[in-house]
Amino acid sequence: MAEAAGTPALEVRGLCKRFGTLEVLRGISLAAAPGEVIAILGASGSGKSTLLRCCNLLEVPDAGEVLVGGEAFAFAERAGRRRARDPAQVDRLRGQLGFVFQNFNLWSHLTILQNVIEAPVHVQRRPRAEAVAEAEALLAKVGILDKRDHYPSHLSGGQQQRAAIARALAVRPSVLLFDEPTSALDPELVGEVLGVIRALAAEFRTMLVVTHEMGFAREVACRAVFLHQGQIDCAGVPAAMFAAPPTERFEKFIARTQRH
């Protein structure tokens, strides 16, 4: 679906999510313009991952809207719970959102190539030969084409995460969602994954990146959003925010990250 001029690639309005009595998201509104890279920062438990999971309905928000390319997910109340109204719409809009998980989530019984072509072939119904050719190009792009016939367990964590990025790209998404993509990696492998994400940012891909990598956020993101207890505490251009923290909470957060 072509986006109208000025239409955000991804937008959330008044997003709320609770688990039992715990309010994890409390009225978050955020819009990502096409080509924008947004770093989502915050301490553990601030709601960062839940926000990302609500964007593609891995978690259904209790209130608020999620719009992909200007089209809102439709919700309905059933048995006292909010649910997606139209599964076909969910599948279609999810196809525009590539998700990269913290722990890779590759299918262990499939080779790396099979992992990458699974959704294009079986969900998007694209010709297998076309999907394979595109998958091989993506694996080359992330530097692991030589691992195409290997199983995930034979790859390092950094290689598995790069395969996961290729898998996310294979559905031709308009937005990429990264949920702490380096936090499960050994320190020496972090750089290779951040390098791939930097290259994607240089292609003006729309990305929301939940990250603890402050240097990456400062250098690569167009905008940083700092969450505190399920709300946006502050947001802005990363270089300016890090040079002159706009709130006391963000200043303390930066100080803590610099000590670790």
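Kindly report, to the nearest 10 Å², the accessible surface of Ser49 as traced by a 1.4 Å probe over protein heavy atoms only.
Approximately 30 Å² of Ser49 is accessible to the 1.4 Å probe.
May I ask you to list the GluC sites (Glu not before Pro) in the stretch 197-260 that are in a DSSP loop and have at most 11 other Cβ atoms within 10 Å of their Cβ?
In loop regions of the stretch 197-260 (DSSP not H, G, I, E or B), the sparsely surrounded GluC sites (Glu not before Pro) are Glu203.
Where Rh denotes the Kirkwood radius from the mean inverse Cα pair distance, what is Rg over Rh for the chain?
So for the chain, dividing Rg by the Kirkwood Rh gives 0.96.
May I ask you to list the trypsin sites (Lys or Arg not before Pro) in the stretch 2-105 that are in a DSSP loop and have at most 14 other Cβ atoms within 10 Å of their Cβ?
Loop-located and lightly packed - Arg85.
Enter the accessible area of His154 (Å², nearest 10), with the probe set to 1.4 Å and all protein chains included.
Accessible area of His154: about 120 Å².
Size of the dipole of the chain about the Cα centre, Lys and Arg at +1 and Asp and Glu at -1 on the beta carbon, nothing else charged, in debye to 20?
It works out to roughly 500 debye.
Looking only at chymotrypsin sites (Phe, Trp or Tyr not before Pro) in DSSP loops with at most 16 other Cβ atoms within 10 Å, what is the longest site-free stretch of the chain?
1-106
May I ask which residue of Leu58, Ala166, Pro34 lies farthest towards the positive end of the charge dipole of the chain, with charges of +1 (Lys, Arg) and -1 (Asp, Glu) on Cβ and the Cα centre as origin?
Toward the positive end, the furthest listed residue is Leu58.
With springs connecting C-alpha atoms under 10 Å apart, model the chain as a Gaussian network and identify which of Asp179, Asp62, Asp146 has the largest mean-square fluctuation.
In this elastic network of the chain, the residue with the biggest mean-square fluctuation among Asp179, Asp62, Asp146 is Asp146.
With both partners inside the chain, how many of the DSSP beta bridges are antiparallel, as a percent to the nearest 5?
The antiparallel proportion sits near 60 percent.
So how do Thr7, Thr211 rank on accessible area, 1.4 Å probe, biggest first, that is with the largest at the start?
Ranked list, largest accessible area first: Thr7, Thr211.
When the Karplus curve 6.51 cos²θ - 1.76 cosθ + 1.60 is applied with θ = phi - 60°, which whole-Hz ³J(HN,Hα) does each residue of the stretch 7-21 get, with x for Gly and Pro?
6, x, 5, 8, 9, 10, 10, x, 6, 10, 8, 10, 10, x, 8
Express the relative contact order of the chain as a whole percentage, based on alpha carbon pairs under 8 Å and six or more residues apart in sequence.
For the chain, the relative contact order is 25 percent.
Between Asn105, Asn56, Asn115, where does the largest GNM mean-square fluctuation fall for the chain, given springs only between Cα atoms within less than 10 Å?
Asn105
The values are calculated or read from the model by the stated rules, or taken from the named source; none is laboratory data. From a predicted model like this one, the values you see are computed outputs, not experimental measurements. Every residue, glycine among them, receives a Cβ derived from its backbone with ideal geometry; neighbour counts consider all protein chains shown. SASA here: full protein model, heavy atoms, side chains in, ligands and nucleic acids out. Shrake-Rupley method; radii C 1.70, N 1.55, O 1.52, S 1.80 Å.
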